[in-house]
Amino acid sequence: MPFSRLIDYSFRLVPTDPLRRKLIAIRLAESIGKGVFLSGSVVYFTLRVGLDARQVGLGLSAAGLSAFVSSVLFGVIADRVGARRLLIVLFTTLAVGFGLYSLVGSAAQFYALVVAVGFIEYGTGPTNGALVGNLVPAEERVKLKAMMRSVFNIGFSIGIGVAAVAALSQRLLVLIPLTTAALMAGAALLVARLPDAPSRPVPVGFKRFAAVRDPRFLAVIGVSTILASHVSVILVTMPLWALNRTALPHFLVPLLLIFNTVFVILFQVRASRGADTVAGAGRLARRSGYWLAGGCLVIALTALDDNVALAGVAIVAGVLILSVAEVMQAASGWGLAFGLAPEHAQGEYLGAFDLHVITQNIVGPAVLSGLVISFGFWGWLGIALAALAASAVIVPVAHRSQLTLEPEPAPATSR
């Protein structure tokens, strides 16, 4: 698709409704900021601060681990104090935190700040989701989230470009954290312009952290973690395999990741159709598992022959198939999360459901890459079989979790 058509499609992602435009603008500001920092942080901390790769990797990993606590915790807080109010605080705090990166001069300062910023940053996801749940009718939430994800990929790509420019000069490197700080401050201002959502009554007897104490809901999260393996496969496992176990020219690997990004921008909204109910989202999740398995099996063919042409065709086809799995699974995840969350506890349940992607981000790369690098074809086959097993159970597991959502009794308290 010509670049001009991609730009034209990007403009079509902007809703005509002022409320939805503001929500999209918030996501765009956040995504550009994350694109700048995530793509430029290693360069910044190694060249300007003077840290080594091991120290940077350890700090970023520690920040990721904090997500297991902050995702659920901030979801609960969002339900109690209001998602809009909390999101303003989170973005403002992030603006300060990213700004402080420009003053970091030692490993100890870096560790303390990166964990604190990571803890706050992982709270924005469920809080933003709860905000959408509070302001947008149930039947429109999945489509809006799909639009926001397409916009996120556009913004993230812009952020990568900004970071690349900043990396051209040692003096410009400081723009990496400062630009991110400014964009987070802008996001906070945009959230402040949103209307207040009406408070939702809390039923009698409802206990906080109910989401992580509900075994049926946890089962949905567990199965979704397997179906979300595309995250690790596309970003880490496939590139490592292509570089170490095939004769594919190395320059093609980043091009495949660009192709995946463009694919998500173009097809995420279309892939969300039918995912606005738990039943529809479950069926879409099941199909995403089939595509995930298919992509892994196609890439596995490269373990059977060293032919460069075969490797090129198989990996390109595999990335295309995995990209289909990605947009389907992402849309199904929003449908399941919103559909299985009580209206009065959107933040808490969305925060808990986010654990399936957080787990993939932290555990998936090491586990899946270890499988395929150690066992080759059989490693890819193992991932495919796990995806098929998850596909077989996701619909009944989601249905059982939905049965626990009883009509809410008359309110006893309100926020």
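The values are calculated or read from the model by the stated rules, or taken from the named source; none is laboratory data. Treat the numbers as computed from the prediction; the structure is a model and nothing was measured. Note that we place each Cβ from the backbone using ideal geometry, even for glycine, and neighbour counts take in every protein chain shown. Note: areas computed on protein heavy atoms with side chains; ligands, DNA, RNA excluded. Shrake-Rupley method; radii C 1.70, N 1.55, O 1.52, S 1.80 Å.
Can you find, within segment 108-119, the residue that is least open to solvent (accessible area, probe 1.4 Å) among those that are farther than 14 Å from S41 by Cα and of a type in the set (G, A, S)?
A116
When the residues of segment 159-211 are narrowed to those that are under 19 Å from L23 (Cβ atoms), open to solvent by 70 Å² or more (accessible area, probe 1.4 Å) and outside any helix (DSSP H, G or I), which ends up modelled with the lowest pLDDT?
By that ranking, first place goes to P198.
Are any of the residues in segment 39-50 under 22 Å from V151 (Cβ atoms), open to solvent by 20 Å² or more (accessible area, probe 1.4 Å) and either free of Cβ contacts under 8 Å to residues at least 24 places away in the same chain or within 19 Å of the chain's Cα centre (by Cα) (or both)?
yes
Determine which member of the set A366, A410 is over 24 Å from the mean Cα position of the chain (by Cα), more than 19 Å from G133 (Cα to Cα) and at pLDDT below 95.
Residue meeting the stated conditions: A410.
Would you confirm whether any residue within segment 301-308 is open to solvent by less than 70 Å² (accessible area, probe 1.4 Å) and under 30 Å from I158 (Cβ atoms)?
Checking segment 301-308: not a single residue is open to solvent by less than 70 Å² (accessible area, probe 1.4 Å) and under 30 Å from I158 (Cβ atoms).
Here is a check on your reading of the model: is A300 touching a Phe, Trp or Tyr at 6+ places or on another chain (Cβ under 6 Å) and either more than 19 Å from L368 (Cα to Cα) or not β-branched (V, I, T) (or both)?
When the stated conditions are applied, A300 passes them.
In this structure, does A366 turn out to be touching an Asp or Glu at 6+ places or on another chain (Cβ under 6 Å) and among the small types (G, A, S)?
No: the conditions fail for A366.
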